[in-house]
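The values are calculated or read from the model by the stated rules, or taken from the named source; none is laboratory data. In this text the structure is predicted, and so the values were computed from the model without any measurement. Here Cβ is always computed from backbone atoms with ideal geometry, including for glycine, and neighbour counts include all displayed protein chains.
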Amino acid sequence: MDFRLASRWREMHHIDLPQPPDAGRVAVGVRGLTVVLGGHAVLSDVDLDIRHGELLALVGPNGAGKSTLLGAVAGDVAHTAGSIQIDGLPLADWGTRELALRRSVLLQRIEIAFPFTVADVVRMGRSPWAGTDGEEDDDREVAAAMERTDIVELATREYPSLSGGERARAALARVLAQDTGILLLDEPTAALDLHHQELVMGVARERAAAGVAVVVVAHDLGMAAAWADRIVVLELGRVVGDGTPRDIFTEALLSRVYQHSVEVLEHPRTGLPLILPRR
Amino acid sequence: MTRRGRLTIVGLVVALVIACLLAAGIGQLQVPPNEVLGSILHRLGIDILPMPTAPRGDDALWLVRFPRVLLALLVGAALGCAGALMQGVFGNPLAEPGVIGVSSGAAIGAFACIVFGIAALGSWTVPVAAFLGGLLATLIVYGLARSGGRTEVVTLVLVGIAVTAFAGALIGMLTFVSSDDALRSIAFWNLGSLARATWDAVFAVTPFVVVGVAVAMYYAPQLDLLALGERPARHLGVDVERLRLVLIVVIALLAGAGVAFTGIIAFVGLVVPHLIRLVTGPSHRILIPASVLGGALVVVVGDLIARTLIENQELPLGVLTALIGAPFFFWLIRRTRTRAGGWA
């Protein structure tokens, strides 16, 4: 190929590779975020800074706007007012591909149209890196993600033939293989048994320790308390609590938000808050 | 590319070459394959194999058989590729050109020319009108199905059905007002046949098929990601809207070009990608080139059968493909349904 053409091609397809995440830097900056869907304000005036290296659990009752907030940060849900910045740049200024190198998203349900194998599905997570230096890590990242989510034996199975819990782990492996500095997980443990719930939260914890900004939407408050650095409570589209699990998980706040009397006990050995509905 | 994928591609290429040599030689005038090859090499200036020995055998090959076999190859490639693309774009293994209005639009374009005797572009008028009709119908469906900058598959398919119904009414009107001569032409076009193949048709279709297949190959890896759904595909860096718009135009190009000179040859775009998927798995990197080759093979062999099955008679190819394709498709549905997962 002609040299000038080759360089023009590279220019056209120039991809800004992300810097390795350094803990403490703001990964996602949300200011005055308002999302109106069908005339109803699903999110109102949300302010939130999510930093690299922290594991943030997003909690709240059904319909509080957790998935919408995650969708807005992921770039799927258009916002009515306010702003979202990803690694210091407005969300809209990032190209689709550049965004894919910076944040990965695990949705609640992943159906696949054709019977791809589990190994194929996990490898799809590497596609944003195609043609970059990161491509060299493909095999290693795929193997590591499958190992870490306990799906190595499922590698040659067809994804549609898996059970709900197996699918959830395969989908998580795909998201981990994407190897991004921001990880958005919408109820990653919903379909999982106790062992795999702990395994998944342990993976999220590891990623945060490596400098990744991890957001987990969670319904299990005890699990959130045990694994997260920071809890953000949403109620009717507003942030009503933001702090450490110990500060946020109080009987007064939880009883009001969930409209159900809640007991908070201290675990006799670990001292972590145990959250139980009063029965 | 997997070993199995490579083997499939190589096997299809070999089968296609053999099928083309046989199809060129078999008919009312028989020319053995070595003489067919000899005639081709002679034109390239290489005289190592015998020339056709039958009277006017060389003329028959170059004037009648070769354009017909080549057009069959191109139309089959276009239909196979269009089918594989359409199923990928809509994430639905049951999608076919009829669903989004390509066939109906192409039919209206061609019928209008026949009925009103429009011949502005000479012998190219009907094919060009068919192609434009297909593209226009597809763009209308796509435009109506978009809302908020995005296209939901269900909306797209429903609008496609509405447009197809409207087109059906227009075709009925055209049939009602047309003369007996025009009716015969419409019937021929509707049944699908390669009997009107010419070198002009071959040269006209070639660029469409080459460009269409090249673009399809370029986008094949992104189609794999689209199988995860629109949002996950976007999260993995695919510009879903652009991908879909480009590929819909390519589908209309391929299906329109495939239909224009030969009429409606059904089920090739549906059955071929299915068979390939059963052998090589769903990855579009293999599925698309294999469907191009497989579609070509099916139409070349199908046309050979259609013109030799009954002596001195020619069966319409479209009828033959539908006769074999439809029951085969039922079997495919059953088979895939009973396997784990099936089609969600």
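For the reader, a short list of remarks on this structure follows.
- Wholly enclosed helices (runs of 4 or more DSSP H) of segment B:58-154 bearing at least 3 residues at pLDDT below 85 and over 30 Å from B:R43 (Cα atoms): B:102-116, B:125-145
- Restricting segment B:187-204 to residues that are in a helix (DSSP H, G or I) and out of contact with any Gly (no Cβ under 8 Å at 6 or more places or on another chain) leaves a set whose member that is surrounded by the most Cβ atoms within 10 Å (Cβ to Cβ) is B:A201.
- Evaluation of A:N62 against the conditions (1) in a loop (DSSP other than H, G, I, E, B); (2) closer than 23 Å to B:L228 by Cα; (3) free of Cβ contacts under 8 Å to residues at least 12 places away in the same chain shows that the sole unmet condition is (2).
- Qualifying residue in segment A:60-77 (condition: away from every other protein chain (no Cβ under 12 Å) and of a type in the set (D, E)): no
- The strands (runs of 3 or more DSSP E) falling completely within segment A:176-256 include none with 3 or more residues that are in contact with a strand residue (DSSP E or B) (Cβ under 6 Å, 6 or more places away or on another chain) and charged (D, E, K, R).
- Number of the exception - A:A57 against (1) within 13 Å of another protein chain (Cβ to nearest Cβ); (2) assigned to a strand (DSSP E or B); (3) of a type outside the set (S, T, N, Q): (1)
- Taking each residue of segment A:265-277 that is under 11 Å from A:G222 (Cβ atoms) and looking for partners that are part of a loop (DSSP other than H, G, I, E, B) and not hydroxyl-bearing (S, T, Y) with beta-carbon atoms closer than 7 Å, six or more apart or interchain, yields A:P273/A:F249; A:L274/A:H267; A:I275/A:F249.
- Residue check, B:L226 buried (at least 20 other Cβ atoms within 10 Å of the Cβ) and out of contact with any Pro (no Cβ under 7 Å at 6 or more places or on another chain): yes
- Against the numbered list (1) hydroxyl-bearing (S, T, Y); (2) surrounded by fewer than 18 Cβ atoms within 10 Å (Cβ to Cβ); (3) out of contact with any helix residue (DSSP H, G or I) (no Cβ under 7 Å at 6 or more places or on another chain), A:Y258 comes up short only at (2).
- Considering the conditions (1) under 18 Å from the mean Cα position of the chain (by Cα); (2) more than 11 Å from every other protein chain (Cβ to nearest Cβ), B:L287 is excluded by exactly one of them, (2).
- Pair list, Cβ under 6 Å, 6 or more apart: segment B:215-235 residue more than 7 Å from every other protein chain (Cβ to nearest Cβ) and closer than 15 Å to B:V246 by Cβ, other residue part of a helix (DSSP H, G or I) and among the basic types (K, R): B:A220/B:R285
- Selection from segment A:135-164 of residues that are within 12 Å of chain B (Cβ to nearest Cβ) and not polar (S, T, N, Q): A:R157, A:E158, A:Y159, A:P160, A:L162
- All positions within segment A:261-277 that are over 23 Å from A:R230 (Cβ atoms) and either part of a strand (DSSP E or B) or among the aromatic types (F, W, Y) (or both): A:P277
- Only one of the numbered conditions (1) modelled with pLDDT of 90 or more; (2) surrounded by 13 or more Cβ atoms within 10 Å (Cβ to Cβ) is not met by A:P18, and that is (1).
- Matching residues in segment B:309-329 - criterion: being surrounded by 14 or more Cβ atoms within 10 Å (Cβ to Cβ) and of a type outside the set (A, V, I, L, M): B:E314, B:P316, B:G318, B:T321, B:G325, B:F328, B:F329
- Test result for A:Q85, part of a loop (DSSP other than H, G, I, E, B), within 30 Å of A:V200 (Cβ to Cβ) and not small (G, A, S): no
- Meets criteria (within 7 Å of chain B (Cβ to nearest Cβ) and under 19 Å from the mean Cα position of the chain (by Cα)) for A:P128: yes
- Which listed residue, of A:V121, A:V152, is closer than 21 Å to B:T2 by Cβ and in contact with a Lys or Arg (Cβ under 6 Å, 6 or more places away or on another chain): A:V121
- All conditions in (1) buried (at least 20 other Cβ atoms within 10 Å of the Cβ); (2) part of a loop (DSSP other than H, G, I, E, B); (3) of a type in the set (A, V, I, L, M) hold for B:A54, with the sole exception of (1).
- Within segment A:84-118, the set of residues being surrounded by fewer than 20 Cβ atoms within 10 Å (Cβ to Cβ), more than 10 Å from chain B (Cβ to nearest Cβ) and over 17 Å from the mean Cα position of the chain (by Cα) comprises A:G88, A:L89, A:P90, A:A92, A:D93, A:W94.
- Number of the condition not met by B:P207 [criteria: (1) surrounded by fewer than 24 Cβ atoms within 10 Å (Cβ to Cβ); (2) more than 14 Å from every other protein chain (Cβ to nearest Cβ); (3) in contact with a Leu (Cβ under 9 Å, 6 or more places away or on another chain)]: (3)
- Filter result for B:V292 (closer than 14 Å to B:L79 by Cα, assigned to a helix (DSSP H, G or I), modelled with pLDDT of 85 or more and not acidic (D, E)): yes
- Taking (1) at pLDDT below 90; (2) within 8 Å of chain A (Cβ to nearest Cβ) in turn, B:E241 satisfies each apart from (2).
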